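Report on one structure; see the data block that follows.
The values are calculated or read from the model by the stated rules, or taken from the named source; none is laboratory data. Here the structure is a predicted model, which means the values were calculated and not measured. Positions of Cβ are backbone-derived with ideal geometry, glycine not excepted, and every protein chain shown enters the neighbour counts. Just the protein is used for accessible areas: all its heavy atoms, side chains included, with ligands, DNA and RNA removed. Shrake-Rupley method; radii C 1.70, N 1.55, O 1.52, S 1.80 Å.
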Amino acid sequence: MSNAYIVFERISVQDANCIAGFTYGFPAISHFLGFGHALSRKLSVSQSVTLQGCALICHQHQIHAYQPKGFGDYVFAQSKNPPTTRAKAKETPPIIEEGKMNMTVSLVMACPDLNISRTAEINALKQTIHDLAHQHRLAGGSIEKIAAVHVLKLDEQKLLKKLKRLLLPGFMLMDRSDLLANHYQTLKQQQLDAELMDAWLDFSALKYQAKPKLKEDELEASDKTEAEWLRMDKPAKGWLVPINNGYKAISPIYPAGEVANTRDSTTPVCFVEAVHSIGEWRSLHRIQHVSDMLWHYRYEQDWYICQQGEQAQSELVTNELEDSATDDDFNDDFLSSLN
């Protein structure tokens, strides 16, 4: 039986957040899952359909950064918010330090309970989804344009061909936490005091190593020997990047209204920290299965982890969320707040 998928083709986003935990350059994957979760909650009421998972394909991105002296390190372009008005011309508005970017992305989401087939009904659903999407922000940025919204219900091979025709050229974000785990085990065998952060930095940091330039009459390097600095390769091949892929609770869940200055007084509160891993930007033409593209949430005790593929789907823990209506409301609101 064919599965249905909703495809948001080439969403143009302005002023999206490009800082995610320790990383910068692209929004965290939780932003896009939160966007899909917020849409799903509204569609489940108005259209009786839900959205599951999210595949992310990037077509274009531009970070708002510049080089102050024309060379050297880049810095984020800042703005004064709110803009100065005539009534407050003498007051200097504050500079909010933040990293912003423009981007064009495509999203693919599964729609397992779609049971319509008439062209008129499908067109009405596409228009509803299109209108709802424009009412939301994506990664904190404003959606300027969506090229098209597609509802696809095809078998695996036809669906892959259709997605490649629609979304190429583009690069999809893949979960490569397996590379991080394997490298960490290798590193521990070489250095007994190695930590997981060391393994993560091997993928994330730019490292250089000095190679001595030995002369013909030199057998070994000395203090005066010149050196050539060579960039060290990453532990694995591919367009590998550090990513923020979830959250870890660092406090218990406080009852609604117990913590001051929260967004509302009806939602329980939990303090969290960002979780990091390794991702890979991979050309869309290399995908073999649609299920491998989709990111899902995996909830387990104090962890919200975004994972990809069959592993994430098989490890989804939902029974704990259904034990308590309060916890369920908290998790829905938490996921929506990621949008």
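Taken over the range 7-25, the criterion of being farther than 20 Å from Glu144 by Cβ and either outside any loop (DSSP other than H, G, I, E, B) or in contact with a helix residue (DSSP H, G or I) (Cβ under 9 Å, 6 or more places away or on another chain) (or both) is satisfied by Ile19, Ala20, Phe22, Thr23, Tyr24. Can you find a residue in the range 214-228 that is among the hydrophobic types (A, V, I, L, M, F, W, C), surrounded by 12 or more Cβ atoms within 10 Å (Cβ to Cβ) and at pLDDT 90 or above? There is no residue in the range 214-228 that is among the hydrophobic types (A, V, I, L, M, F, W, C), surrounded by 12 or more Cβ atoms within 10 Å (Cβ to Cβ) and at pLDDT 90 or above. Taking the range 26-47 as the search range and keeping residues that are in a loop (DSSP other than H, G, I, E, B) and at pLDDT 90 or above, which one is nearest to the chain's Cα centre (by Cα)? Among those residues, the one meeting the criterion is Ala28.
Here is a yes/no grid of residues against (1) open to solvent by 70 Å² or more (accessible area, probe 1.4 Å); (2) over 30 Å from Gly25 (Cβ atoms):
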| site | (1), (2) |
| --- | --- |
| Glu98 | no, no |
| Arg137 | yes, no |
| Gly141 | no, no |
| Val151 | no, yes |
| Gln157 | yes, yes |
| Leu160 | no, no |
| Pro169 | yes, no |
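Can you find even one residue in the range 117-126 that is in contact with a strand residue (DSSP E or B) (Cβ under 8 Å, 6 or more places away or on another chain), more than 23 Å from Val290 (Cβ to Cβ) and either modelled with pLDDT of 90 or more or of a type outside the set (S, T, N, Q) (or both)? The answer is no, given that none of the residues of the range 117-126 is in contact with a strand residue (DSSP E or B) (Cβ under 8 Å, 6 or more places away or on another chain), more than 23 Å from Val290 (Cβ to Cβ) and either modelled with pLDDT of 90 or more or of a type outside the set (S, T, N, Q) (or both).
In contact with a strand residue (DSSP E or B) (Cβ under 8 Å, 6 or more places away or on another chain) and modelled with pLDDT of 90 or more - does that describe any residue in the range 75-97? No: zero hits.
Highlighted here are the strands (runs of 3 or more DSSP E) found entirely within the range 137-235 that include at least 1 residues which are without any contact (Cβ under 8 Å) to a residue 24 or more places away in the chain and either over 20 Å from Ala20 (Cβ atoms) or not β-branched (Val, Ile, Thr) (or both): 208-212, 227-231. Within the range 4-17, residues that are open to solvent by 10 Å² or more (accessible area, probe 1.4 Å) have Cβ atoms under 9 Å from residues that are hydroxyl-bearing (Ser, Thr, Tyr) in these pairs: Glu9/Ser106; Arg10/Thr104; Arg10/Ser106; Ser12/Thr104; Gln14/Ser142; Asp15/Ser142, counting only partners at least 6 apart in sequence or on another chain.
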